[in-house]
Amino acid sequence: MANMAEIAKILNISKTAVSLYLNDPETKRVSDATKARISKAVQEHNYRPHMIAKSLSSARTKTISVILPYNSPLFRSSFVNEMLSGLQFELFKHGYSIIFLPTKGEDSSIMVKNYLKGARGYDGIILFGTRYCTRELLEENVELLMQTGTPFSAVNMPELPQPINQVILRTPMESNPIQFFIQSGHKEILLVVGREHDPESLLTIQDYQEVLRSSGIAYSDEQVIFGDYEYDITRSEIKKAINHGVPFTAVYCLSDTMAVGVYEALKEHNLRIPEDVSVIGTNDSFFACYTDPPLTTLRKQVYKAGEEAAKSLLHTLQTNKAGRKIWLDSELIFRNSTRLL
């Protein structure tokens, strides 16, 4: 398979002449005789255009890169998969392809810098926030992209003050699980979050403290458990809490996967759901309605968040305007894992 330079060398003509003809067969800048020779050589030597290079010449590749700071297998998370599905659907609908640029959370700023140095061939970026990336790193990544004028959309991270394309998942007070537990008579509530420094966990702990305080309920550090969004870790940590005598009648988990870990720990200690302990998860994962009992959960608009992030980026590519902030509200989906006290 020959490239453009090789075709030019075979015909002993300039690469410019070959490029002119291949990009515009009707060009008047190349003689008919030379056109015929190029056409014949292209067929005989199985020439195929380099799509990235071709797109660069017109400043469009129809390719979007997704920077996803993740220290675990990329497609293991049902949350990530659903958001990527919404993103992919919207981009594919408009003829765009996706290239994933996974990186460790602590290395995400290095990935962004490397992208800006040599990642030509992409029209824009979808920048994910994940449990492995601190708020400081997220803001550093955003600043780097803004400084260079790179078109991008941010998703799955706290609302940032910069005028950027961003999709924010938020929970209105009427759907707040801690508020619901308190209104249901619960005062001893465990909160199971992800990692100590991930932005969503920090914001959730802050919100948890504020709701408790406004309801006149004392806060204790032992009521916050870090489950790393993993089943096994959550199960182990809940068992420790039970064995250490931490009192609780309700548990709110920042993911449905962690809620399943809570289920198993409670059952191993002969505690019934919801008779002894009420449990709420997050994300309304596909398996939430199949647990025993079916899991009450906070449904986030994860798929739509992916769609909206793609729409915002496409809008910027078309208009050269950025700064669209989109808020998507979550809602409680009631099943059989909670009860009134």
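Just so it is clear, none of the values below were taken in a lab; they were calculated from the coordinates. None of these values were measured; they are calculated from a predicted model. Every residue, glycine as well, gets a Cβ built from its backbone with ideal geometry; the counts of neighbours run over all protein chains shown.
Taking other residues whose beta carbon is less than 9 angstrom from the beta carbon of Arg131, and scoring Lys, Arg as +1 and Asp, Glu as -1, yields -2.
Sorting 214-221, 132-139 by their mean Cβ neighbour count within 10 Å, with the most densely packed peptide first, gives 132-139, 214-221. For the stretch 1-16, backbone nitrogen atoms closer than 20 Å to the point 7 Å from Thr27 Cα along Cα-to-C-beta are found at 2-16. For a straight C-alpha distance cut-off of 20 angstrom, the aspartates and glutamates reachable from Lys93 (same-chain residues fewer than eight places away being disregarded) are Glu82, Asp123, Glu307, Glu308. Between Glu188 and Glu44, the distance separating the two model label sites (each 7 Å from Cα on the Cα→Cβ line) works out to 8.8 nm.
Taking each DSSP H run with n ≥ 4 as -39500 (n - 2.57) and averaging over every residue of the chain yields -13000 deg cm²/dmol at 222 nm. Between Glu6 and Arg76, the FRET efficiency from the beta-carbon distance, with R0 = 45 Å, is close to 0.55. Remark: the stretch 173-300 carries a charge dipole of roughly 240 debye about the Cα centre, counting +1 on each Lys and Arg Cβ and -1 on each Asp and Glu Cβ.
With a Förster radius of 22 Å, plug the Cβ-Cβ distance of Ser215 and Glu331 into 1/(1 + (r/R0)^6) and report the FRET value to the nearest 0.05. Step by step, r from the Cβ atoms, then E = 0.55.
Length gained on full extension, Val246 to Asp276, computed as 0.36 nm times the residue gap minus the Cα-Cα distance: 9.4 nm. As a rough guide to protection, the peptides 149-159, 25-35, 263-273 ranked by mean Cβ packing within 10 Å, highest first, stand as 149-159, 263-273, 25-35. Taking the average, over residues, of other Cβ atoms within 10 Å as the packing measure, peptides 330-338, 317-325 rank 330-338, 317-325 from highest down. Expressed per residue, the C-alpha convex hull volume of the chain stands at 155 Å³.
Counting only DSSP beta bridges with both residues in the chain, the antiparallel share comes to about 10 percent. Judged by the gyration tensor of its Cα atoms, with axes a ≥ b ≥ c, the stretch 169-208 is oblate; a/c meets the 1.5 cut and b/c is at least as large as a/b. At full extension, Asp207 and Gln147 could sit 18.4 nm farther apart than now, given 0.36 nm per residue minus the alpha carbon distance.
If the chain linking Lys15 and Ile99 were pulled fully straight, counting 0.36 nm for each residue of separation and taking away their Cα-Cα distance, it would gain 27.2 nm.
Only lysine pairs 8 or more places apart, or on different chains, with alpha-carbon atoms under 21 angstrom apart are counted in the stretch 173-300, and they number 4.
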